[in-house]
Amino acid sequence: MKSNLELKVALNDLAIEHLENTVAELRDEVRSKLKGDGTTDEGGFAGNSGDYSAQASNNFLSEQASIRRAEAEQYQLIINRLKGYKFTEELDSVEMLSLVETNHGWFFITQAVKPLMYQGVRYSFLAVDAPIYSEIHGKKKGDKIQFNGIDFEIKSVC
């Protein structure tokens, strides 16, 4: 069984790996769109009701590539932040870098990342600007809060 600090490191590494895979997929999509590899199966431009011009097709693909490139850049910023975290001490109240167990699951206060599974347990990654964070910030084991009509009890903080 991992110590709490080792668990935090493992979860952080899992989030980094997930986001790095997402960035790679987005960059592949950007390259594909810039090459004009879109097909009608991917929401392409040919159809019975009329064809778009080649210029319109290229403009659309360029616009979509720009959107995906911006997403990849945002994810890369999150990766860089995650890579900079150091887990050197256990915490006894909810704050940045806390791992919080509640009666409704686990929350890891780092960066907003989609929930990830680790060793059969679901962990929700929250940023400090998440609405629930303002309710749980500073709370300790045994404290209770209500958020969106749901009662939460803090079972552990590390």
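For the reader, a short list of remarks on this structure follows.
- Some residue of the stretch 49-57 being in a helix (DSSP H, G or I), modelled with pLDDT of 70 or more, surrounded by 12 or more Cβ atoms within 10 Å (Cβ to Cβ) and in contact with a helix residue (DSSP H, G or I) (Cβ under 9 Å, 6 or more places away or on another chain): no
- The numbered conditions (1) at pLDDT 95 or above; (2) in a strand (DSSP E or B) are all true for G138 except (2).
- For the stretch 76-127, a residue qualifies if it is in contact (Cβ under 8 Å) with a residue 60 or more places away in the chain, in a strand (DSSP E or B) and crowded, with 16+ Cβ neighbours inside 10 Å, and the qualifying residues are L99, F108, V113, L116, Y118, Y123, F125.
The values are calculated or read from the model by the stated rules, or taken from the named source; none is laboratory data. What you see is a predicted model; the values in this text were computed from it and never measured. Ideal geometry is used to build each Cβ from the backbone, glycine not excepted, and the neighbour counts take in all protein chains shown.
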